[in-house]
1. May I ask you to order 8-14, 147-153 by the average number of other C-beta atoms within 10 Å around their residues, highest value first?
2. Can you order the peptides 78-85, 110-117 by their average number of other Cβ atoms within 10 Å per residue, highest first?
3. Using the Cβ atoms and a cut-off under 14 Å, what net charge is assigned to the surroundings of LEU91, where Lys and Arg are +1 and Asp and Glu are -1?
4. State which entries of LYS32/LYS77; LYS28/LYS63; LYS32/LYS118; LYS118/LYS140; LYS77/LYS146; LYS5/LYS125 exceed 31 angstrom in Cα-Cα distance in the structure shown.
5. Please give the contour-minus-distance gain from ASP88 to LEU12: 0.36 nm per residue of separation, less the Cα-Cα distance, rounded to one decimal in nm.
Amino acid sequence: MNLQKRISILFLMFILTMSFSQCVSTMKLQDKAPLEFGDAHYQNWVAGVKGGGAGFNLFIPIKANINKVVLDSVYFKNKKTKLEYVNDSLLVGRFKTEMNQKEDIIMSNEPYAEYGNKAPQLPEKIPFELKEDECVISYKEGENTKYYKLSNVFKKQSEFYPRAQPNKP
């Protein structure tokens, strides 16, 4: 009985070790870029209306596109978002921040009146340790998801969107 117990504990430890080793290998950064990137930059933006939102956009120019690679998402400033193709030579990742967001919270002494309130969302922990000027691009090559780190992401001047057109003289 003692031998059977030891064998089952060893088997359980083996299974746990193997399951953790798979997680580590899936997030490995690639040394070679999947395609040629230009100089990436980001730009903060703020809406001119209270509750209109704020955030930053990450712009990633593409110099050469290869059809075998599908760019998926980007990790930047401890956030993750999907990448959008603006055109054949530019990708953008749009990140919203907590600043200037509309707050639709109903506060009442009646519990049923607060039924429509959304629960607060906890920030998602990204699986990479990144410096302030680094981002990681997630892409698919065939069936495999791979990751590539871009460095030297610089900041451009912020954009402020006015609420109304200025008066013309």
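1. On the way: 8-14: 10.0, 147-153: 16.0.
Descending packing order for the listed peptides: 147-153, 8-14.
2. Working: 78-85: 14.6, 110-117: 9.4.
Order by mean packing, descending: 78-85, 110-117.
3. On the way: positive: LYS63, LYS82, ARG94; negative: GLU36, ASP39, ASP72, GLU84, ASP88.
Charge balance near LEU91 sits at -2.
4. On the way: LYS32/LYS77 22 Å; LYS28/LYS63 24 Å; LYS32/LYS118 42 Å; LYS118/LYS140 33 Å; LYS77/LYS146 19 Å; LYS5/LYS125 38 Å.
Long pairs (Cα-Cα over 31 Å): LYS32/LYS118; LYS118/LYS140; LYS5/LYS125.
5. Numbers: separation 76, 0.36 × 76 = 27.36 nm, distance 5.02 nm.
Working it through step by step, the gained length comes to 22.3 nm.
Every number in this text was worked out from the coordinates using simple rules, so none of it is lab data. This is a predicted model, so every value here is computed, not measured. Note that each Cβ is placed from the backbone with ideal geometry, even for glycine, and that neighbours are counted across all protein chains shown.
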